[in-house]
Amino acid sequence: MSGEAPIDAKSRIPVTLVTGFLGSGKTTLINTALRSPELARTVVVVNEFGEVGLDHKLFARSSDSVVVLENGCLCCTVRSDLVGTLNSLYHARQAGEIPAFDNVVIETSGLAEPGPVLQAFLSEPTLDGLYRIASVLTLVDAVNWRNTSVEHDESVRQVAFADRIRITKLDLVARDKYEEDSVIRSDLRRINPAAQIDTIAWSSSAVATLLASRGFDAANPLSDPRAWLKVEAYQQAAGGCQQCDHDHESHSHDHVKHLGDRGIESFVLTRENPLCREELQFLLDGITQNLGTGLLRVKGLVNIAEEPGRPAVIQGAQHLLHTMTWLDHWPDEDQRTRVVFITQGVVRNNLRDMIDLLDRVSERTFNARARGRRAFEARKPNSNG
């Protein structure tokens with residue numbers, strides 16, 4: 001948090017969700033974070049101290065569930081449910097029972113998927129009013145990535161949900177590390193075309209930078225959503241998907257095919273004309289009902305006819321969509337509606353055809369309703385005459 005002013009008490013506290021499969025380096029990352037003086041006003045939430053294997057030499061004093069470290073950083077275990085833990089932390093902070101904190105890092109178990117955690121922040125009113133997900137950071141083990149991605153679907157979904165991906169253990173691979181780095185990045189980009197992908201740097205300041213991101217705040221009307229939405233990255237990936245199978249001759253064709261079979265796909269719905277609120281709800285309901293559990297994530301900017309000049313921000317995890325929030329102005333001259341859908345198990349062409357069809361149906365339905373209303377309004381003076 002160095003160089004940044006403390007967050008106002010009324011602001012929602014940014015949360016970085018750290019995920020990654022077993023052995024990917026989350027424990028090393030958390031231990032490094034707990035040593036970092038830059039994270040003095042941070043709470044690190046883990047499942048259980050014993051399970052994670054944190055360095056107990058770091059601990060200075062502790063209460064029932066919160067450990068206060070020598071640098072002022074807090075470490076907390078999830079005793080039961082995440083929602084209850086975070087609510088308790090916030091109210092203890094407000095009451096002065098624990099040191100003030102501006103930032104939260106949540107370490108998930110290696111088998112956990114980010115979707116349910118994101119859902120908790122979107123669906124739980126008390127949690128949504130206090131905290132917000134600023135970033136999802138996923139660690140990928142270079143040594144075991146190929147086998148892990150084949151045998152464990154969770155690892156692929158962890159990558160699909162990520163905003164930032166860091167490759168670990170590259171120095172331990174048996175093959176040429178530069179070639180392996182290129183191959184793994186190709187895999188990751190295929191699954192998640194918009195994530196920031198890099199190798200991990202283990203210095204204290206580098207880890208602090210990773211874990212203290214403020215990210216995009218959809219509830220802040222002055223926020224710039226472009227780096228969060230990254231529409232161009234998804235569009236470019238869709239345009240170049242035919243070439244993916246031919247990248248890196250050394251990359252096993254079976255492994256590339258397997259990643260395709262995992263079915264992580266994305267599609268960008270673009271609409272030139274504004275939508276009314278009712279039409280947007282109709283369209284999103286149709287898409288979520290048809291995609292069902294195959295829908296992993298939704299995020300977008302929407303031009304709403306009733307709110308000219310104020311784009312609506314929509315986001316969701318799996319089948320759950322969050323209430324719309326509003327920005328004060330568009331970030332640039334492009335005022336088209338753009339919504340990104342990230343799915344699993346839906347063939348790309350079927351996904352595109354389904355969303356296009358639902359979009360056409362909703363547009364025609366609500367255009368017809370609008371014409372009917374105009375015709376009705378036009379007849380009203382005659383009926384009163």
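The values are calculated or read from the model by the stated rules, or taken from the named source; none is laboratory data. Bear in mind the structure is a predicted one, so any value in this text is a computation, not a measurement. As a convention, Cβ positions derive from the backbone with ideal geometry for all residues, glycine included, and neighbour counts pool all protein chains shown. We work out accessible area using only protein heavy atoms, side chains counted, and drop any ligands, DNA or RNA first. Shrake-Rupley method; radii C 1.70, N 1.55, O 1.52, S 1.80 Å.
Answer with yes or no whether Val346 is at pLDDT 85 or above and of a type in the set (Val, Ile, Thr). No. Note on region 167-197: residues that are touching a strand residue (DSSP E or B) at 6+ places or on another chain (Cβ under 6 Å) and charged (D, E, K, R) amount to 2. Summed over region 284-326, residues that are under 19 Å from the mean Cα position of the chain (by Cα), part of a loop (DSSP other than H, G, I, E, B) and modelled with pLDDT of 85 or more total 1.
Whether any residue in region 190-200 is basic (Lys, Arg), touching a helix residue (DSSP H, G or I) at 6+ places or on another chain (Cβ under 9 Å) and at pLDDT below 90 is what I want to check.
So the first thing to find is which residues in region 190-200 are basic (Lys, Arg), and the list is 190.
In the following step, the residues that additionally are touching a helix residue (DSSP H, G or I) at 6+ places or on another chain (Cβ under 9 Å) were identified as 190.
This time we only want the ones that are at pLDDT below 90, so: none.
Checked against the condition, which is being basic (Lys, Arg), touching a helix residue (DSSP H, G or I) at 6+ places or on another chain (Cβ under 9 Å) and at pLDDT below 90, region 190-200 yields no hits at all.
Screening Leu54 on (1) part of a helix (DSSP H, G or I); (2) modelled with pLDDT under 85; (3) of a type outside the set (Lys, Arg); (4) within 16 Å of Val207 (Cβ to Cβ) shows it passes everything except condition (1).
Just checking, how many residues over region 346-378 are in a loop (DSSP other than H, G, I, E, B) and either among the hydroxyl-bearing types (Ser, Thr, Tyr) or open to solvent by less than 40 Å² (accessible area, probe 1.4 Å) (or both)?
1
The residue that is modelled with the lowest pLDDT, counting only those in region 201-246 that are acidic (Asp, Glu) and assigned to a helix (DSSP H, G or I), is Asp245.
Whenever a residue of region 95-106 is free of Cβ contacts under 8 Å to residues at least 40 places away in the same chain, its partners that are part of a strand (DSSP E or B) and aliphatic (A, V, I, L, M), lying with C-beta atoms within less than 7 angstrom and at least six residues away or across chains, give the pairs Ile98/Val66; Ile98/Leu74.
Scan the helices (runs of 4 or more DSSP H) fully inside region 85-168 and keep the ones with 3 or more residues being modelled with pLDDT of 90 or more. In region 85-168, the matching helices (runs of 4 or more DSSP H) lie at 145-151, 153-161.
Beta carbons closer than 6 Å, at least 6 apart along the sequence or on distinct chains, pair a first residue in region 181-209 that is farther than 15 Å from Val18 by Cβ with a second that is polar (S, T, N, Q) for Ser204/Ser36.
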